[in-house]
Each structure stands twice: as C-alpha cells, then as structure tokens.
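The values are calculated or read from the model by the stated rules, or taken from the named source; none is laboratory data. What you see is a predicted model; the values in this text were computed from it and never measured. Positions of Cβ are backbone-derived with ideal geometry, glycine not excepted, and every protein chain shown enters the neighbour counts. For accessibility, only protein heavy atoms count, side chains too; no ligands or nucleic acids. Shrake-Rupley method; radii C 1.70, N 1.55, O 1.52, S 1.80 Å.
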Amino acid sequence: MILGADFSIFASLIIACLIPLYIYRKKIFSAKYESGDDFSIFLKDLKLYMQNHHPKIHIDYFSIIEKTKSELNLEIRETLIVEDVVKQFFNFEYYKKTQNAIPKERIWVNYEEKSLSNPKYPNDWPLRKESAWLRDNKCCNRCGITLDLKDMHTNFVKEIKDGGGYNLENIITLCTDCNRIINSTNLTNPKNTMSSLMLSDKLMFFVK
C-alpha cells in the first residue's frame, strides 16, 4: 500500500517534534527527574552524615536548597550543595578558649614544671596529648568528629611563641580538616584549602 504525501509529511512533523522532546526530556520533566526521591535521599544522607560526624557544625540547609532550586541538572545541583556545606564548615566560627583541666589524681610527677612555655615540646608530650584526647571524649574540639589518637592534631589556646604553656588547659584537640582550617594562612582566598579538605571528598560520595 502506498501512503499519501500528506500522511508522510504529517508523520515527519510528528517525529521532528518528538526528537527534541526525547533529547531534552530531563529538562522538560525536571519535576519528575530532580525533585523526587533521588534528591530527597541525597539531602537525608547528607544531613545524617554531618549530624553524626560533625555535630558541632551547624549548617543552614534551607538557604542552600533555595539558592539551587533553579538548577535543573540533579548532579550539578547536588554538587553545588556539597560545595556550600564545605564552605559553611570552613567558615564556621570557632573561638579558642581555655580547656577543661583533668582531675588532680591523674596528674603525674613533674607535670607542673614541664607545663611552662618552652620552644621544645616536653618529653612527656605523648602523655599530655593522650590526656587531652581522653578529656575531650576522643573528639575534635571544633567539629565534634570522633578521633583516633594517631589522627589527632593539637593546637594551643595561647600559642607557645606568645608565652603559652603545655598545661592541658592550653591544649586543643583537632581533627585533620579543622587543624588545616585553623592553620590556613590564605584566608582571603580559601578555595585551595576547602578543596583539600577530606570532608569535600566524603560528601561528594553522596552526589548521584
């Protein structure tokens, strides 16, 4: 059977209309593709991770979601949200303050005399470091993440060069990321520091 010319033209027009619809289906039906279960699961996993691993860092998720709601590509939107969370983590205000002491019965001989300011670390430094770690419930003082002793970094409320001592009240326990942030020398252009944080790689795992 030979089809008429009118039918052929009509069929060609329908196909021409359907091709762009298929190619751009994700943008045309963005509500179906990007505001459904995948995005909700991503947000839930992201929030749960931050709450469980960095409980001291308060993230403003509402503003991030609002800022990115016009982005139709799900992967790009999730990446932007992760970058914003890392930025908030980096910019979280942290003030050094005198730390808790430990019970007197746990103080060892020569503790006091070796707590004075000195360019060289005292020979009982490993014991002081472990005592500060136990005092802080094995957590980072800035973000609250649980730490292994071998992964713990230390900082001082008052720097040693400024006259601070090695007494436990002056010792701050930090994770690798928080230590990197506190010791960052390039606060005017922090992108390199933020991109180097382990948190950035860990959160990108949740991007679909």
Euclidean distance of C-alpha centroids, the stretch 129-200 and the stretch 76-110, integer Å: 7 Å
Per DSSP, the loop-located GluC sites (Glu not before Pro) within the stretch 65-112 having at most 11 other beta carbons within 10 Å are Glu93, Glu112
In whole Hz, the Karplus estimates of ³J(HN,Hα) for the stretch 51-68 (6.51, -1.76, 1.60; θ = phi - 60°; x where Gly or Pro) are 5, 7, 9, 9, x, 7, 8, 9, 9, 8, 6, 4, 5, 5, 4, 5, 5, 9
So, taking all protein chains as they sit and a 1.4 Å probe, how much accessible area belongs to Ser63, in Å² rounded to tens? 40 Å²
Compute the distance in nm between two label points, each set 7 Å from the Cα along the Cα-to-Cβ direction, one at Asn183 and one at Glu71. 3.2 nm
With a cut-off of at most 13 other beta carbons within 10 Å, and DSSP calling the residue loop, which chymotrypsin sites (Phe, Trp or Tyr not before Pro) in the stretch 96-164 qualify? Please list them. Trp108
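Keeping every protein chain in place, order Arg128, Arg106, Arg135 by accessible area at 1.4 Å, biggest value first, i.e. largest first. Walk me through the numbers before you get to the answer.
Details: Arg128 0, Arg106 110, Arg135 35 Å².
Descending order: Arg106, Arg135, Arg128.
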Among Gly164, Ser184, Met204 the positive-end extreme of the charge dipole of the stretch 134-208 (Cβ point charges): Met204
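Across the stretch 94-208, how large is the tail of the calculated P(r) beyond 16 Å, expressed as a percent of all Cα pairs? Show your work: numbers first, answer last.
Values: 4176 of 6555 pairs.
Distances greater than 16 Å cover 64 percent of the Cα pairs.
Can you give me the Rg/Rh ratio for the stretch 84-162, using Cα atoms for both radii and the Kirkwood formula for Rh?
Values: Rg = 14.5 Å, Rh = 14.5 Å.
Looking at the stretch 84-162, the ratio lands at 1.00.
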Give the ranking of Lys104, Lys138, Lys44 by solvent-accessible surface, highest area first, calculated with a 1.4 Å probe. Lys104, Lys44, Lys138
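Tell me, what is the percent relative contact order of the stretch 36-151, built from C-alpha pairs under 8 Å that lie six or more residues apart? Before the final figure, lay out the partial values.
Numbers: 52 pairs, mean separation 40.4, N = 116.
RCO, the stretch 36-151: 35 percent.
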Measuring from label point to label point, each 7 Å out along Cα→Cβ, what is the Val207 to Ser195 span in nm? 1.3 nm
